[in-house]
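Worksheet: one structure, shown below.
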Amino acid sequence: MFDKVLVANRGEVAVRIVRALRELGVKSVVVYSDADRDTLAVRLADESVCIGPAPAAQSYLSIPAIIGAATSRKAQAVHPGYGFLAENATFARACADNALVFVGPSPEAIEMMGDKNVARETMKRIGVPTVPGSDGTLANHIEAAFFAEQIGYPVLIKASAGGGGKGMRVVEEASKLESAFIAAKTEANAAFANDEVYLEKYLARPRHIEIQVLADSHGNALHLCERDCSIQRRHQKLLEEAPSCAVSADLRERMGEAALKAAREVSYLGAGTVEFLLDATGDFYFMEMNTRVQVEHPVTELITGTDLIKEQLRIAAGEPISFVKRAPLEPNGHAIEFRINAEDPYRDFWPSPGTITELALPGGPGVRIDTHIFAGYTVPPNYDSLIAKLIVWGSTREEALARGRRALDELTIEGIKTTAPFHRTVLDEKDFIAGAAHTDYVLTHEDALIEKQNAQDEKNVQGAPGNSPVPGNSPVPGSSPAQGNSPVPEKPKG
Ligand code: ADP
């Protein structure tokens, strides 16, 4: 194992990695921007280095600043977390060039999976199912129209370099294709400096099911079951659970095999996630592979009894996966993660940075909180809005749901708006309780969720604690799909 590892990230994931390093007896060096001077990761780490001003381009995205910090502090490896440089092949190469181990796959694997169009073509070649769509990227809207006519509307235009729902446009009919094509290209160019787009069939109300994989340098590659990430806003995840209500043992095996096939094709090393869409008939289609740890990794940890960050570090250090003898893993119980974002769910999930004046975190059996916030902490406007993850485990889904309700009722965050009240309403909504989630759930359940919120507001007025918004102030908790117009800067792909 390493003696010292640099954490090239911030927020809850920096804290998560520092904790894993501490438990492994490895020294941690955390980098931080001027905006993050007084943060929990900086306090908990053995060492910390300021790498620049608040804008990420000058700090968390500055390869020279991070490499300089790692070499001057004599770190042997760099853990990139998620977002920022986690899927940047140039960064992975820069680490190698400076004799630093990049905790992740090879730059080649990052590149092959980082371009969604290339990844899709690779999957087609090896027989992993993909959503019907164009042959590669589209030269112009006429070519787009040709494929759209072939596969039938609605279609989805997607950016090859896409992430965080950006550069994606749903097109319902032929007359809207040209403008959507131009809009997707423009947005992709602005977000990723790459305007290549391709097109695929827009599936009706699919589920987002992803498979966690791990592969080491000893030839072991295994999957750790699925996560269901269907509860989303603007095609970005809000709530994740494992296992999925829609995945039988047989389907899990087939999806797991497809995910491992994808990983083996790029000689994958470390922790990765293969994302699929699952349609109502039980057919699944490859969407993309994320070559890093995901925001929602804790639900997998809770149902498999593993520590994915430690496994990443072990694999990077050349050790085998620690639980190979236990494989294949079966899900034990049920876990749900609620992303607590500094956003106002009643104003279209608009960012709500500011100072947290009061904080009470839930606890007790089956409750895990991954967060960097504390009372008095100021959420800066510069970064992603994720401020905490509340994860609950239960021996059954029913118990996990009850625990989620109980834990969200215990949670108090004052001073800023958060997505916590949104989650609380979802937990009382009948379709979610019945396990009937899909990626358009938020849009199609607006009325039901508002009704639940109003009921909770009334209860709160009658004296119950909590951080629900003002009664009667419960407008639409959704937003139009696939417009990619997130007001949130620097969204991690999660
Ligand atoms: P990003 O990398 O930008 O997050 P993804 O390809 O992972 O984009 O897709 C994000 C979400 O967009 C999915 O979880 C799903 O909700 C929706 N989506 C993507 N492709 C399709 C499709 N072909 N049909 C329907 N929904 C889709």
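See the values below:
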quantity: Mean Cα-pair separation over length for the chain, i.e. relative contact order, pairs under 8 Å, 6 or more apart, %; calculated: 15 percent
quantity: Pairs beyond 18 Å (Cα-Cα), from LYS237/LYS389; LYS176/LYS201; LYS166/LYS389; calculated: LYS166/LYS389
quantity: Difference of contour (0.36 nm per residue) and Cα-Cα distance, SER217 to THR71; calculated: 50.1 nm
quantity: log₁₀ of I(q)/I(0) at q = 0.12 Å⁻¹ - the chain, Debye sum with one point per alpha carbon; calculated: -1.12
quantity: Gain on full stretching of the segment that runs from TRP350 to SER395 - 0.36 nm per residue minus C-alpha separation; calculated: 12.7 nm
quantity: Amide H partners (placed H, <5 Å) of GLY52, local residues excluded; calculated: ASP34
quantity: Cα-based radius of gyration of region 207-467 once divided by 2.2 N^0.38 Å, which approximates compact folds; calculated: 1.03
quantity: Förster radius 35 Å - calculated FRET efficiency between ALA436 and GLU149, Cβ distance, rounded to 0.05; calculated: 0.60
quantity: Rounded to the nearest 20 debye, dipole of the chain from Cβ charges on Lys, Arg, Asp, Glu; calculated: 980 debye
quantity: Helical mean residue ellipticity (222 nm; -39500 (n - 2.57) per DSSP H run of 4+; nearest 500) of the chain; calculated: -9500 deg cm²/dmol
quantity: Nearest-20 debye value, region 124-276 charge dipole, Cβ charges on Lys, Arg, Asp, Glu; calculated: 180 debye
quantity: Cleavage-rule hits, GluC sites (Glu not before Pro), region 169-222, DSSP coil, Cβ neighbours within 10 Å at most 15; calculated: GLU172, GLU173
quantity: Rg to Rh, two decimals, where region 4-103 supplies the alpha carbon set and Rh follows Kirkwood; calculated: 0.92
quantity: Cleavage-rule hits, trypsin sites (Lys or Arg not before Pro), region 1-53, DSSP coil, Cβ neighbours within 10 Å at most 12; calculated: ARG37
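FYI, it's all coordinate maths here, none of it is from the lab. Bear in mind that the values here come from a model prediction, so they are computed numbers and not experimental data. When we count neighbours, we look across all protein chains shown, and the Cβ atoms used for this are built from the backbone with ideal geometry, even at glycine.
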